[in-house]
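Here is the structure we will look at, set down as structure tokens.
Just so it is clear, none of the values below were taken in a lab; they were calculated from the coordinates. Since the model is a prediction, treat every value here as computed from it, not as a measurement. All Cβ positions, glycine included, derive from the backbone under ideal geometry; neighbour counts span all protein chains shown.
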Amino acid sequence: MNLQVDLREENSVQHFKVVGEIDAFTAPALRERLSDFASQQELQAEIDLSDVEYMDSTGLGVFVGFFKQVKENGGHVKITGLSNRLKRLFDITGLNEVMDIETQKDEGGLDDATV
Amino acid sequence: MMQPYDYVELRVPAKPQYVGVARLTISGLASRVGFTYDDIEDMKIASSEAITNAVQHAYKDGEEGEVVVGCALYEDRIEIMVADHGQSFNFEETKKSVGPYHDHEEGMFLREGGLGLYLIETLMDEIKIHHDEGVTVFMTKYLGGEQVEKDVETVSS
């Protein structure tokens, strides 16, 4: 029940790969990890959540905070690999309207059904 | 009128590392009642939100308290109570004292855990909140389909 954040840079885009569970216990570490980059000018970031097994409002809070700060500095955040479960969280909170999110690909066509 | 139920109570230190432990327990209990995967995932989020709020309350007040999570397992539903004051509660008594949740009245609570409370409201079928010596959140989830009938019964509100 831990959280791991891996980072690699590709074509000037910072790719964050988040693995594990995001809750009140793990969110502070995630926030800290992201905050190292949030103040960069024109940061291009992609956050892959395909291996996040659980997330609640603490995770949403971290991503919203990061999104706002990056946007203020002229950058862009894209969240990718959302499972149906995670997508639902963004949908019911209306954050899907504000943030750039992408659902998981190649998942037995389940995602296609919701298009 | 009162239906029989199994009652399980969990007391954890008001620390973030125990939110996940409580969540897993509730997941296991919900599975016993027979909820679907999606309903269980919803309940995991809703209960974590309530427990997180309780933990953050305790943290802010600098207390080393406990969070009490009470689960009543019925044939057709699960009732979960989360209290941020360490005293073990009498489930039936506390249940009587919690009132319906009103958006506008919960200003304080909303500002602190706004998104969390919204999620509880969305993911569970009923939510009630009680402020006394602490905050008690009381939430109910019905087994698939049941909530439709129940909603009709309580539509008078």
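What to note about this one:
- Pairwise label distance in nanometres, A:Ala29 with A:Asn2, each label 7 Å out on the Cα-Cβ vector: 0.6
- Potential lengthening between A:Glu72 and A:Asn11 on full extension [0.36 nm per residue; Cα-Cα distance subtracted]: 19.8 nm
- Legend: mean number of C-beta atoms from other chains within 10 angstrom of residue C-beta atoms, peptide B:46-53, equals 3.
- Taking the inverse of the mean 1/r over every pair of distinct Cα atoms in chain A gives a Kirkwood hydrodynamic radius of 14.3 Å.
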